[in-house]
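K.L.:
Sharing a structure, written as structure tokens. Questions coming.
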Amino acid sequence: MRSPIIALLAILCSAPIENNLFAQAGDGSLTGIVIEDSGQPAEFATVMLYRQGDSSLVKGDFTNEQGSFLFESLEPNTYFLQVTMVGFTDMVVPDIQMNATTPTIDLGTLRMGENVQQLSEVIVTAKKPFVERQADKLIVNVENSSVAVGNTALEVLRQAPGVTIDNNDNISLRGRQGVIVMIDNKQTYLSMAEVANLLKNMPSESIETIEIITQPSARYDAAGNAGIINIRIKKNKNMGFNGSATLGAGAGLVWFDHLYEKTNGSLNLNYRQGKFNLFGNYSNRHNDGRNDLNLDRTVIFQDTTTYFDQHSQMAHTNNSHSYKVGLDYSLTDRQTLGIQANGQFNKEAMSMNNQSDIFINGSPNGGILVENVRPENWSNQTYNLNYRATFDSLGRELTADVDYAYYKGNSFDNILTSFFNGEGALTGEEPLRSEVPIMVDIWAFKADYVHPLRSGLKLEGGVKTSFVTTDNDVVFELFEENDWVVDSTKSNHFVYEENISAAYANASRQFEKWGIQAGLRAEYTESVGNSITLSKVVDRAYLEFFPSLSLQYQLSEKHQFGFNYSRRIDRPSYQDLNPFIYFLDPFSFVQGNPFLNPMFTHSIEVSHTFMGMVNTSLSYNRTEDYITQVTTQNDTTKTTIATNYNLDTYHNIAFNISTPVPVTKWWMAQTNLNVNYKSFQSEFQGAQLNNKGWTANVYISNQFTLPKGYGVELSGWYQSPEVDGIFIGRSMYMANFGLSKSFLKKKATFRMNVNDIFNTGRWRGSTLYENMDLKINSKWESRRVNISFNYRFGNQNVKGPQRRSTGSDEERNRVKMDRG
């Protein structure tokens, strides 16, 4: 329960005088009447109004003798209301949407001690849908989903509408790769492979929501041609101390010869009193799993046809620990200083058996067995110092961040290659071992300034600079004459240094029916990639400009239209620039490309919202120098090399529709359909690539609210065949089931789910381009049963720490530490 003295001070601080920090200039008003459970007016109840985006206090008041309250001079925004009174349960009314068409909102009668079901213009439910659409983003509400329980963040993301994840864990949004993943508005500095590895070890129980932003403004880094996925970690919302604890267990059931065990646990704590807010969380996860990969490859050279039938089985045991701790301190009523640290420690043991049977002109011609035992460990630590100052009642604000991030990893391959003849007899063995250390060091600084004017015009500007150093010294050794000797043909020492300096300006204005936002961002990049072993240096410097424009038009209460344009960039990950060759077997390699160029995307989108529920959009994207993985083949040696390559042009046309369907009071359905046309055009391997086609992604979720605290979820998704670079992927689909039960006055929750009920999760694809004939079938451990128990304790309305975007976001998304 909020202290009456603290509430009184907050209300006095928020009184609507000219120079007050919390006063907001605007024409909106919000009113309502609060009554007690008996029906009598709730006199002098504390009523606090917050911005929903950052939980900052806007205004505070007491109800009068009739129980009524009134807030005036409110700007268009999304708010939530909190009502407290001694002897009654706190009431929270979220998602209060105030805009130009609804400047006056009457919440009607609010009864203390009862759940609010429907309040005039605002619909409030005790449980949000798994997927909901807002004006500028799609939100996946992970926290209350029983389908998500026991899973990792990557598995939950796979269920998000418009998101697809291929067999290499590459994340695509509406058919486009180049997604930037942020955590609490902070980028991870990691490349897509490392982001996938990070999300694989993040339990879903620590996640509140996932936000999908397809058209970011100039304030964001220009990286991410497909948009931004922002993962928000659970926070708390009141004065005092509180927390929650979660325990979970599960098993993978894909292959019935073995159960793959999983356990997870997490602890979240928050303490807020006076000027201090101390917060922290810890989670751990144990995960046993397995992946199967089948490759069929045909090589035709002169009159000889060689066929490779390859089967790989990879089993792994993973243990991860992650933490986050921080402190926010209010220097004055208008200044806040914060510091936080977060990190993850991961230890994994992987074993792989790769059997290749070789046929020449249809007859057996021997085979290869590659056995690899790889212990691996990596860690990342990020430290942030942030400052925020608000100068006047209009919201003039300055924020600044200093970041330091350090990534360190090491893996050790112990490879034994056995050779067999056509009769299956062993003809020879070749031991090989390697050490692959990775180090990434990042410093970043950013500052942002917001200056609203009384005319309604809002001006924004900011600067950022970052410094990145990576160091990879890969050593391969052969066993010759009873001793290990360095294999200079595979070893490589690569150092990469980069500095990006950026500045932006952004202006926005809300009129009666129109809203407009325009911005321009400039980024200057200097980089040096140095392969010390190969004596190969690639030095680059370039300045690029990234404009953005957003228009919104409110035709009526039922119809809202939007238009967005932006230009964006995606730079290669640091390790993709490393020319080092990674050995899979004597005929298969993976190699970096130091000559990769950044890719640039022009993006246009028009959108329509009907009655705040049905959202449709049509977009077009054109990407130059599109970065994608390709394979090349040497017909003479019969070897295949996988590498990243710049394709000349990539076109994408996408149509998306998303809508909730309230079937009954106890049944809510959510449907999302994304249809896109993809076209890849480029000169590649001496020929003209022209790979194009239509694809569709459908996601359907059903939530059933049952009596006595029970809830049921049934969801599924379907991905039609699609094209990607030189590859064509086949269709994919899954169905999931979840059950939840709350008890102990809703402080405790039990959840159970089954992911991929019918065990259909797999990726199948092929390429038939020039001399390449390759088919891929990848099956991961997708069918899982999970259970979890969560208990919340303390004051469950503690206001959490401020969520901020720090200065080192884009750089962290490009670190690459996982080799698969």
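K.L.:
Could you please give the count of residues in segment 376-406 that are more than 23 Å from Ser466 (Cβ to Cβ), open to solvent by 60 Å² or more (accessible area, probe 1.4 Å) and in a strand (DSSP E or B)?
P.N.:
1
K.L.:
Which residue, of Lys775, Lys741, is in contact (Cβ under 8 Å) with a residue 40 or more places away in the chain and touching a Ser or Thr at 6+ places or on another chain (Cβ under 9 Å)?
P.N.:
Result: Lys775 is the single residue among Lys775, Lys741 that is in contact (Cβ under 8 Å) with a residue 40 or more places away in the chain and touching a Ser or Thr at 6+ places or on another chain (Cβ under 9 Å).
K.L.:
Also: I'm told Val663 meets every condition in (1) part of a strand (DSSP E or B); (2) at pLDDT 90 or above; (3) not small (Gly, Ala, Ser) except one. Can you identify the failing condition by its number?
P.N.:
Condition (2) is where Val663 drops out.
K.L.:
Go over the candidates Ser556, Ser566 one by one and state the one that is at pLDDT 85 or above and either in a strand (DSSP E or B) or within 30 Å of Phe420 (Cα to Cα) (or both). Working first, answer last.
P.N.:
Working: Ser556 fails: either in a strand (DSSP E or B) or within 30 Å of Phe420 (Cα to Cα) (or both).
The conditions single out Ser566.
K.L.:
Which residue, of Tyr718, Tyr733, Tyr769, is closer than 30 Å to Gln685 by Cα and either touching a Ser or Thr at 6+ places or on another chain (Cβ under 7 Å) or not charged (D, E, K, R) (or both)?
P.N.:
Among Tyr718, Tyr733, Tyr769, only Tyr769 is closer than 30 Å to Gln685 by Cα and either touching a Ser or Thr at 6+ places or on another chain (Cβ under 7 Å) or not charged (D, E, K, R) (or both).
K.L.:
Turning to a different aspect of this structure: Among the residues of segment 447-463, is any in contact (Cβ under 8 Å) with a residue 12 or more places away in the chain, hydrophobic (A, V, I, L, M, F, W, C) and surrounded by fewer than 14 Cβ atoms within 10 Å (Cβ to Cβ)?
P.N.:
Among the residues of segment 447-463, at least one is in contact (Cβ under 8 Å) with a residue 12 or more places away in the chain, hydrophobic (A, V, I, L, M, F, W, C) and surrounded by fewer than 14 Cβ atoms within 10 Å (Cβ to Cβ), which makes the answer yes.
K.L.:
Moving on to the next point. For the list (1) part of a strand (DSSP E or B); (2) open to solvent by 50 Å² or more (accessible area, probe 1.4 Å); (3) not small (Gly, Ala, Ser), I need the number of the one condition that Thr489 fails.
P.N.:
Going through the list (1) part of a strand (DSSP E or B); (2) open to solvent by 50 Å² or more (accessible area, probe 1.4 Å); (3) not small (Gly, Ala, Ser), Thr489 breaks only (1).
K.L.:
Another question, then. Could you grab me the full set of residues in segment 224-241 that are open to solvent by less than 10 Å² (accessible area, probe 1.4 Å) and at pLDDT 80 or above?
P.N.:
Within segment 224-241, the first condition is being open to solvent by less than 10 Å² (accessible area, probe 1.4 Å), and the residues that meet it are 224-231, 238.
Ile228, Ile229, Asn230, Ile231, listed by residue number.
K.L.:
To continue, here is another question. Which of the residues that make up segment 472-481 are over 11 Å from Pro431 (Cβ atoms) and exposed (fewer than 15 other Cβ atoms within 10 Å of the Cβ)?
P.N.:
Listed by number, the list holds a single entry, Glu481.
K.L.:
Now, a different point. Hey, could you check segment 523-537 for residues that are buried (at least 16 other Cβ atoms within 10 Å of the Cβ) and not polar (S, T, N, Q) and say which is farthest from the chain's Cα centre (by Cα)?
P.N.:
Gly529
K.L.:
Residues that are open to solvent by less than 70 Å² (accessible area, probe 1.4 Å), basic (Lys, Arg) and part of a strand (DSSP E or B): does segment 493-513 have at least one?
P.N.:
No, segment 493-513 has no match at all.
K.L.:
Now a separate question. Tell me which of these Arg521 doesn't satisfy, since it passes every other one: (1) modelled with pLDDT of 90 or more; (2) of a type in the set (D, E, K, R); (3) more than 30 Å from Gly456 (Cβ to Cβ).
P.N.:
If we test Arg521 against (1) modelled with pLDDT of 90 or more; (2) of a type in the set (D, E, K, R); (3) more than 30 Å from Gly456 (Cβ to Cβ), just (3) comes out false.
K.L.:
Follow-up question, since we're still on this one. Just checking, which of Ile657, Ile728 is farther than 28 Å from Asn777 by Cβ and either free of Cβ contacts under 8 Å to residues at least 12 places away in the same chain or open to solvent by 10 Å² or more (accessible area, probe 1.4 Å) (or both)?
P.N.:
Checking each option against the conditions leaves just Ile657.
K.L.:
Which count do you get for residues in segment 600-612 that are under 30 Å from Gln554 (Cα atoms) and either touching a Pro at 6+ places or on another chain (Cβ under 6 Å) or open to solvent by less than 40 Å² (accessible area, probe 1.4 Å) (or both)?
P.N.:
5
K.L.:
Would you say Gln629 is open to solvent by 10 Å² or more (accessible area, probe 1.4 Å) and either among the acidic types (Asp, Glu) or over 30 Å from Phe563 (Cβ atoms) (or both)? Before the answer, list the steps.
P.N.:
On the way: open to solvent by 10 Å² or more (accessible area, probe 1.4 Å): yes; either among the acidic types (Asp, Glu) or over 30 Å from Phe563 (Cβ atoms) (or both): yes.
The answer is yes for Gln629.
K.L.:
Taking the criterion of being at positive phi and more than 26 Å from the chain's Cα centre (by Cα), would at least one residue in segment 438-456 satisfy it?
P.N.:
yes
K.L.:
Something else: Test Phe704 against the criterion of being touching a Phe, Trp or Tyr at 6+ places or on another chain (Cβ under 6 Å), of a type in the set (A, V, I, L, M, F, W, C) and surrounded by 15 or more Cβ atoms within 10 Å (Cβ to Cβ), and give yes or no. Reasoning before the result, please.
P.N.:
On the way: touching a Phe, Trp or Tyr at 6+ places or on another chain (Cβ under 6 Å): yes; of a type in the set (A, V, I, L, M, F, W, C): yes; surrounded by 15 or more Cβ atoms within 10 Å (Cβ to Cβ): yes.
Taking the combined requirement at face value, the residue satisfies it.
K.L.:
Could you give every pair whose Cβ atoms fall below 6 Å, whose first residue belongs to segment 341-355 and is modelled with pLDDT of 90 or more, and whose second residue is basic (Lys, Arg), counting only separations of at least 6 or pairs across chains?
P.N.:
Correct list of pairs: Met350/Arg374.
K.L.:
Oh, and also: Is it true that some residue in segment 342-361 is over 30 Å from Arg396 (Cα atoms) and not in a strand (DSSP E or B)?
P.N.:
Looking for residues that are over 30 Å from Arg396 (Cα atoms) and not in a strand (DSSP E or B), one finds at least one in segment 342-361, hence yes.
K.L.:
Can you pull out every residue in segment 571-599 that is assigned to a loop (DSSP other than H, G, I, E, B), aromatic (Phe, Trp, Tyr), open to solvent by 20 Å² or more (accessible area, probe 1.4 Å) and over 15 Å from Thr533 (Cα atoms)?
P.N.:
Of everything in segment 571-599, those that are assigned to a loop (DSSP other than H, G, I, E, B), aromatic (Phe, Trp, Tyr), open to solvent by 20 Å² or more (accessible area, probe 1.4 Å) and over 15 Å from Thr533 (Cα atoms) turn out to be Phe587, Phe595.
K.L.:
For segment 740-760, enumerate the residues that are touching a Phe, Trp or Tyr at 6+ places or on another chain (Cβ under 9 Å) and surrounded by 20 or more Cβ atoms within 10 Å (Cβ to Cβ).
P.N.:
Passing the criteria: Ser740, Thr749, Arg751, Asn753, Asn755.
The values are calculated or read from the model by the stated rules, or taken from the named source; none is laboratory data. In this text, all values refer to a predicted model and were calculated from it rather than measured experimentally. Neighbour counts run over all protein chains shown; Cβ positions are idealised from the backbone, glycine included. Just the protein is used for accessible areas: all its heavy atoms, side chains included, with ligands, DNA and RNA removed. Shrake-Rupley method; radii C 1.70, N 1.55, O 1.52, S 1.80 Å.
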